Amino acid sequence: MSAATTRSRTPDRLCAEAVDLARAAAEEAAAPGVVGEHEGLVSEGDRVVTHFFGCREAGYRGWRWAVTVARASRAKIVTVDEAVLLPGPDAVLAPEWVPWSERLRPGDMGPGDLLPTEADDLRLEPGYSGEEEPPPNSAVSHEMADLVEAEDADVTEGTPAHLAVTPARGSIAAVAEELGMRRARVLSRYGLHAAADRWEESYGAKTPMAQAAPASCMSCGFLAPIGGSLGQAFGVCANEFSPADGHVVSLSYGCGGHSEAAVMPKPPQPAPPVIDETRVDPFPLRPSPDSGSVPATEDESTAELGHS
């Protein structure tokens, strides 16, 4: 039978009235002045009641002091069982713990930091080990044993990483080292696709810079090609004035620093105005004295005729 079925729905009267006893127990367990008002109670069972008090501690917003009191059967003395600090329904809780391998984000590593790679990392797969059965068309297969001797190819013991000296030229380990297969693990198909999606999102054809570019990186002279299968779709930008300088860019990416971008023409100069609207022509408020047909000064002839 579960505890929920045996819990009494009606709180014990004496335990419910022991608010002062519960507050004293909470204040004894907490720092002075951090126990708030009484926020209710809940019946935990027969003659067992838990009182809740608010917490005024700055770092525990929404938490409550829970003090459980009880009394024995047929006894009138209420005693304290425990006093603890519990989160309430609106409490501010710390986020759920996440392993360090899932918390890391690009750019978190600094000088001296180590990032161990898990053994089952999906981005990696085993490299050349020399222990697998060679394919039928391999130079070390049973069908090609005669050609091995004819081509003067030596089969080394163990993987290239366990060899004390550098493999002799012409051996299978030397060919593996030349092809870059001496590493214990190499990128898997999932790792290649994940890197391609990440680079395409940062410097791909759908970025605003590429949408406004005059041409793509495929025809740019500043594109440094890379090897491997990723070289079919990506390269490294070597233009110091480009926002992608030193980054892996998609061949469909582009920017204004394209090597074959046309020289921008000079802005056209406007033609001189036909009518100069900036010049001010003065207009007198009164006519000039000598502008009329009658002179302004009177002479003797005009005075005799009565002209004014």
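Annotation: of all residues in region 57-74 being modelled with pLDDT of 90 or more and open to solvent by 30 Å² or more (accessible area, probe 1.4 Å), the one that is farthest from Ala29 (Cα to Cα) is Ala72. If you go through region 216-228 and keep only what is in contact (Cβ under 8 Å) with a residue 40 or more places away in the chain and surrounded by fewer than 14 Cβ atoms within 10 Å (Cβ to Cβ), you end up with just Ser219.
Answer yes if at least one residue in region 285-292 is free of Cβ contacts under 8 Å to residues at least 40 places away in the same chain and within 27 Å of Ser188 (Cβ to Cβ), and no otherwise. No: zero hits.
Residues that are of a type in the set (Gly, Ala, Ser) and either outside any loop (DSSP other than H, G, I, E, B) or over 8 Å from Gly254 (Cβ atoms) (or both) within region 206-228 comprise Ala210, Ala212, Ser219, Gly221, Ala224, Gly227, Gly228, listed in sequence order. Scanning region 111-121 finds one or more residues that are assigned to a loop (DSSP other than H, G, I, E, B) and surrounded by 12 or more Cβ atoms within 10 Å (Cβ to Cβ). The residue that is modelled with the highest pLDDT, among those in region 180-193 that are open to solvent by less than 50 Å² (accessible area, probe 1.4 Å) and either in contact with a strand residue (DSSP E or B) (Cβ under 9 Å, 6 or more places away or on another chain) or of a type in the set (Asp, Glu) (or both), is Gly191. If the condition is being outside any strand (DSSP E or B) and closer than 19 Å to Leu93 by Cβ, then region 31-60 contributes Val34, Arg56, Glu57, Ala58, Gly59, Tyr60. The residues on offer are Glu17, Glu39, Glu44, and the sole one that is farther than 22 Å from Ala75 by Cβ and either modelled with pLDDT of 90 or more or not aromatic (Phe, Trp, Tyr) (or both) is Glu39. Quick check on region 263-275. Is at least one of its residues part of a loop (DSSP other than H, G, I, E, B), at pLDDT 70 or above, surrounded by 10 or more Cβ atoms within 10 Å (Cβ to Cβ) and within 60 Å of the chain's Cα centre (by Cα)? No, region 263-275 contains no residue that is part of a loop (DSSP other than H, G, I, E, B), at pLDDT 70 or above, surrounded by 10 or more Cβ atoms within 10 Å (Cβ to Cβ) and within 60 Å of the chain's Cα centre (by Cα). Annotation note: Cβ proximity below 8 Å between a residue of region 25-51 that is open to solvent by less than 70 Å² (accessible area, probe 1.4 Å) and a residue that is charged (D, E, K, R) and in a strand (DSSP E or B) (sequence gap 6+ or interchain) occurs for Val48/Asp81; Thr50/Glu44.
Note on region 184-204: residues that are over 16 Å from the mean Cα position of the chain (by Cα) and under 20 Å from Gly246 (Cβ atoms) amount to 2. When Arg105 is tested against (1) under 45 Å from the mean Cα position of the chain (by Cα); (2) exposed (fewer than 15 other Cβ atoms within 10 Å of the Cβ); (3) more than 30 Å from Trp199 (Cβ to Cβ), only condition (3) is not met. When Glu240 is tested against (1) at pLDDT 90 or above; (2) surrounded by 10 or more Cβ atoms within 10 Å (Cβ to Cβ); (3) part of a loop (DSSP other than H, G, I, E, B), only condition (2) is not met.
The values are calculated or read from the model by the stated rules, or taken from the named source; none is laboratory data. Model, not experiment: these values are computed from the prediction. As a convention, Cβ positions derive from the backbone with ideal geometry for all residues, glycine included, and neighbour counts pool all protein chains shown. Just the protein is used for accessible areas: all its heavy atoms, side chains included, with ligands, DNA and RNA removed. Shrake-Rupley method; radii C 1.70, N 1.55, O 1.52, S 1.80 Å.
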